[in-house]
Amino acid sequence: MKVAIINFNSGNLYSIKKSITDLKHEAFICNDSDDLKNSDKIILPGVGSFHQAINYLSKFGFVEALNELILKKEVPILGICLGMQLFCKSSSENKFTKGLSFIDAEVLNFKDIGCKFKLPHIGWNNINIKKEDYIFNKIPDHSDFYFIHNFAVKCNQQEQILATTNYNVDFVSIFKKKNIYGVQFHPEKSSKSGSILIKNFLEI
Amino acid sequence: MLKARIIPTLLRKELGLVKGKNFKDLRRVTDVMPLIKIYNARDVDEIILLDIENTIKSKPINMNFISGIAKELNVPFCYGGGITNFIDAKNILYSGADKIVLNSALYDNLNIINEISNYTGAQSIVISIDVKKIDKKYYCFSHCGSKNRNINLFDFLQNLSSQKFGEIILCSIDKEGTMDGYDLNLIKEVSSHINVPIIASGGAGSYEDMFKALEFGASAVAAGTIFHFTELTPSGAKRYLHKKGINIRDGFKFEY
Amino acid sequence: MIIRCKRCVATNSRPEQVLDKDGICNACHSFVKKKLINWKEKKELFIKEIEEAKKNKTKDNWDCIIPSSGGKDSTAQAFIAKEYGLNPLIVTATTCDLSDIGKKNIENLKKSFDTIEISPQKKIRSRLNKISLETLGDISWPEHVAIFTQPIQIASKLDIKLILYGEQPQFEYGGPVRSNSNVMNREWMEEFGGFLGLRVSDLINHYDFKREELLPYIFPDEKLINEKKIKAIFLGFYMDWNNEKNFSLSKSKGFESFKSSIEGGNVSYEKIDNYQHGIHDYFKFLKYGFSRSTDQASWMIRQNIITREEGVKLVKENDGKYPLSYLGKKLFDILKEIDVTIDEFNEICDKFTNKEIFKCNQAGELIKEDDGKLILLDDGF
């Protein structure tokens, strides 16, 4: 199985690649949108700014390629952290920016959803499973994952929420729409639970 | 619920791991790789690795070394030491680190924080502040505690408010390596002053010290000396803190 | 960068080694300071320790324990104890891969002393060797622990009041000397024992061992040790500890050295009790750029057995050789016993090699000579 990790010039791709190769699958860093069509599964990682990421994806043909592969061909894709946020309709980071709109959700500042705790949300926090899914195979409810973000996702369609997490307020930590998964935390840095989650995604 | 983090800190200088007291009398004690592997096996919450020599000797950052370390870790890894520009920051993250630590460079160019965070996102940046108490006030020091920057800590925090970053690691030079307890007053004052997570550093001598630091406002506790030189371990710390009612990540329920 | 002491050949890269502004290492300074020590006073302190131990001794019991591995030092320690009128029990914590000559020297000690030999089961010990090699780059972790835990366990179980260790490493090699540096206890062991951070609790929690499989490696309850008034001390604190003198003494009592030159070393009477020494010392080279030959040449220079020039020559010839064999036993065979292949071994070597001190090619890979030896960028000479 070939897993493409999209490189939009942002963040630690090394650990994602390692977590896939540790599971004995082939992973490649995808710099060219044309190479995406050779992959069985795609990972959209991300650390950085929303509007810079969207600009990069547009500029280098990834938006088109993803629309084709994800929406039409329904290739399974996992969005991690910023990657998950990019699937949404919009983000209010910096200024209002449109996202890929794969999923009916918005990205909002924690403060705007009522969070009074210190920000960013950094560290290990647990998920609360809302809906059963294979992605949770062998992962107990309330497992801890590593989060590091200032912005949170708000889903408009409740049935797309797989898990929420609480940080003074509840926010969506995992969503799913058909072949599209988004996780707010970093499974590649979440030790055993993260590794199992990635394994489950690869088995879907 | 967000869990409190216990973070082993490793200081690297001249080929190996060093431990010091008040940032002085650095002893080389072993090399870095065995500890990285053990901490990974122990499934610690996070690791901080600071390459002291980079700053003191203006040594270029060794990206291969960083990849070598990242290869062994399944938990988050912060790297610091001599980072002065966003290209280095970007390459360090690309090589496998999850967060970068900035310290000495800030006193020459505070805006480096925003330059880097525009690229990497604010959350990947840890601001490391080393302070000494002089005449009852806290002053900032750089270059591993050797240079007094003649700026009061709270003035520095005020300057920082214009910058976008993730969290602060706050180290008391007076307490570092003493195993005499964290500077609780320092933690309390800074915690009430700013609204970003604080990692307390410098002085941990017992699990109770860690508990106090968290009670006084730290979101995480870093420790070096006790984990290296005594029989205390991160798991032991978690067991203790859990008993005291602190939310802590699993991994301590083992028997020994 | 590797810098060598101007007097001996020790490197700045060795843990706890410090070169002063004149380029002289702390071990050399320590050696000079030793000449100024009032050994008479120290002898009296030692006699006080003996008297205290004898006072607390229980009926029909040995006066002290001598921890032994079968080496020249432990042989010397035993006979020195006897000279002081002590009736010692030798506790031999056998090495992980006991050599034939090591066995012979243990048998030699048995001729003159009551001995307890403890051999942790090979099945467990080999697994520990493999794990410590892979995780720490130190195959000898089980030995580092057992030489402390086993004698103290026996002392606790048999209520023997005194344990006599040999060299005090901070005195010999450098490191912080404190007011209680004569004593070996849990605190000392944690800080200076060379465990590289690996603990018995890790083995139980993360490496699938049961506590009952690790009994030889568990340090007894310190409260109990103190209550029983059991004390472990370093002879090197109370007398002028000297490798040559120890060898002379032990030789006169039947200790045998290895009959040929030892791979990677300068002398044939040190480090001959364990076939795994070759691997252990090789990893020092990978991590720090120096190995056994440097260590030996350094004390030989200090003790005026050779000149610095001769020391440099020995180091250039012998240091850092790839351990194809040790005491005549092939690397393949040594590794086979702990279930490690040569390829796996080489991979582990590369992982722990500090690439900043060795020559690498453009792709960042280590350059190796025909015999597998790595080339230092700068050997410090």
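The values are calculated or read from the model by the stated rules, or taken from the named source; none is laboratory data. Quantities reported herein were computed from a predicted structural model and do not represent experimental measurements. Please note: Cβ atoms are built from the backbone with ideal geometry, for glycine as well, and neighbour counts cover all protein chains shown.
Some values worked out for this structure:
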{"quantity": "Failed condition for C:GLY265, given (1) assigned to a loop (DSSP other than H, G, I, E, B); (2) surrounded by fewer than 22 Cβ atoms within 10 Å (Cβ to Cβ)", "calculated": "(2)"}
{"quantity": "So C:LEU128, is it in contact with a Ser or Thr (Cβ under 9 Å, 6 or more places away or on another chain) and either in the same structural domain as C:ASN226 (by TED's automatic domain parsing) or hydroxyl-bearing (Ser, Thr, Tyr) (or both)", "calculated": "no"}
{"quantity": "All positions within segment B:105-147 that are within 25 Å of A:ASN94 (Cα to Cα), in a strand (DSSP E or B) and out of contact with any helix residue (DSSP H, G or I) (no Cβ under 6 Å at 6 or more places or on another chain)", "calculated": "B:VAL126, B:ILE127"}
{"quantity": "Qualifying positions in segment C:284-311 - basic (Lys, Arg), closer than 17 Å to C:PHE358 by Cβ and within 15 Å of the chain's Cα centre (by Cα)", "calculated": "C:LYS284"}
{"quantity": "Segment A:152-166, residues that are in contact with a Phe, Trp or Tyr (Cβ under 7 Å, 6 or more places away or on another chain), buried (at least 22 other Cβ atoms within 10 Å of the Cβ) and closer than 24 Å to B:GLY166 by Cβ", "calculated": "A:ALA152, A:VAL153, A:THR165"}
{"quantity": "Residue check for A:PRO187: closer than 17 Å to A:PRO76 by Cα, within 14 Å of chain B (Cβ to nearest Cβ) and either surrounded by 17 or more Cβ atoms within 10 Å (Cβ to Cβ) or over 16 Å from the mean Cα position of the chain (by Cα) (or both)", "calculated": "yes"}
{"quantity": "Number of the exception - B:ASP174 against (1) surrounded by fewer than 21 Cβ atoms within 10 Å (Cβ to Cβ); (2) in contact (Cβ under 8 Å) with a residue 40 or more places away in the chain; (3) under 30 Å from C:PRO220 (Cβ atoms); (4) more than 14 Å from chain C (Cβ to nearest Cβ)", "calculated": "(3)"}
{"quantity": "Verdict on A:ILE174 being among the β-branched types (Val, Ile, Thr), free of Cβ contacts under 8 Å to residues at least 40 places away in the same chain, crowded, with 17+ Cβ neighbours inside 10 Å and closer than 25 Å to B:ASN247 by Cβ", "calculated": "no"}
{"quantity": "Residue match in segment A:96-116 (condition: within 12 Å of another protein chain (Cβ to nearest Cβ), touching a strand residue (DSSP E or B) at 6+ places or on another chain (Cβ under 6 Å) and within 20 Å of B:SER219 (Cα to Cα))", "calculated": "yes"}
{"quantity": "Considering residues of segment C:129-188 that are aliphatic (A, V, I, L, M) and out of contact with any helix residue (DSSP H, G or I) (no Cβ under 8 Å at 6 or more places or on another chain) only, the residue farthest from C:ILE24 (Cα to Cα)", "calculated": "C:LEU158"}
{"quantity": "Positions within segment B:12-37 being of a type in the set (A, V, I, L, M), within 16 Å of B:ILE226 (Cβ to Cβ) and under 18 Å from the mean Cα position of the chain (by Cα), in sequence order", "calculated": "B:LEU17, B:VAL18, B:LEU35"}
{"quantity": "Condition check for C:GLU191: in a helix (DSSP H, G or I), under 30 Å from C:GLU83 (Cα atoms) and either among the acidic types (Asp, Glu) or within 13 Å of another protein chain (Cβ to nearest Cβ) (or both)", "calculated": "no"}
{"quantity": "Filtered residues of segment C:347-364 (kept if in a loop (DSSP other than H, G, I, E, B), touching a helix residue (DSSP H, G or I) at 6+ places or on another chain (Cβ under 9 Å) and on the phi < 0 side of the Ramachandran plot)", "calculated": "C:THR353, C:ASN354, C:LYS355, C:GLU356, C:ILE357"}
{"quantity": "Close pairs from segment C:135-158: first closer than 23 Å to C:PHE345 by Cβ, partner among the polar types (S, T, N, Q) and not in a helix (DSSP H, G or I), Cβ under 6 Å, at least 6 apart", "calculated": "C:ILE139/C:GLN276; C:GLU143/C:THR95"}
{"quantity": "Qualifying residue in segment C:53-69 (condition: among the aliphatic types (A, V, I, L, M), out of contact with any helix residue (DSSP H, G or I) (no Cβ under 9 Å at 6 or more places or on another chain) and not assigned by TED's automatic domain parsing to the domain that holds C:LYS329)", "calculated": "yes"}
{"quantity": "Selection count, segment A:155-171, where residues are within 18 Å of A:TYR134 (Cα to Cα) and in contact with a strand residue (DSSP E or B) (Cβ under 7 Å, 6 or more places away or on another chain)", "calculated": "5"}
{"quantity": "Which numbered condition C:LEU86 misses (of (1) of a type in the set (A, V, I, L, M); (2) under 23 Å from the mean Cα position of the chain (by Cα); (3) under 19 Å from C:SER250 (Cα atoms))", "calculated": "(2)"}
{"quantity": "Qualifying positions in segment C:186-220 - modelled with pLDDT under 90 and among the acidic types (Asp, Glu)", "calculated": "C:GLU187, C:GLU190, C:GLU191, C:ASP202, C:ASP208"}
{"quantity": "Yes/no for B:ASP31 being among the charged types (D, E, K, R), within 25 Å of C:LEU198 (Cα to Cα) and buried (at least 23 other Cβ atoms within 10 Å of the Cβ)", "calculated": "yes"}
{"quantity": "Out of B:ALA218, B:ALA237, B:ALA200, B:ALA204, sole residue that is in contact with a helix residue (DSSP H, G or I) (Cβ under 6 Å, 6 or more places away or on another chain) and within 14 Å of chain C (Cβ to nearest Cβ)", "calculated": "B:ALA237"}
{"quantity": "Qualifying residue in segment C:326-333 (condition: farther than 18 Å from C:GLY380 by Cα, among the hydroxyl-bearing types (Ser, Thr, Tyr) and without any contact (Cβ under 8 Å) to a residue 12 or more places away in the chain)", "calculated": "no"}
{"quantity": "Matching residues in segment C:268-297 - criterion: being over 16 Å from C:PHE345 (Cβ atoms), crowded, with 23+ Cβ neighbours inside 10 Å and touching a helix residue (DSSP H, G or I) at 6+ places or on another chain (Cβ under 7 Å)", "calculated": "C:LYS271, C:ILE272, C:ASP273, C:ASN274, C:PHE290, C:SER291, C:ARG292, C:SER293, C:THR294, C:ALA297"}
{"quantity": "Test set (1) under 30 Å from C:GLU44 (Cβ atoms); (2) more than 14 Å from chain B (Cβ to nearest Cβ); (3) not in a helix (DSSP H, G or I) - C:ARG178 fails condition number", "calculated": "(2)"}
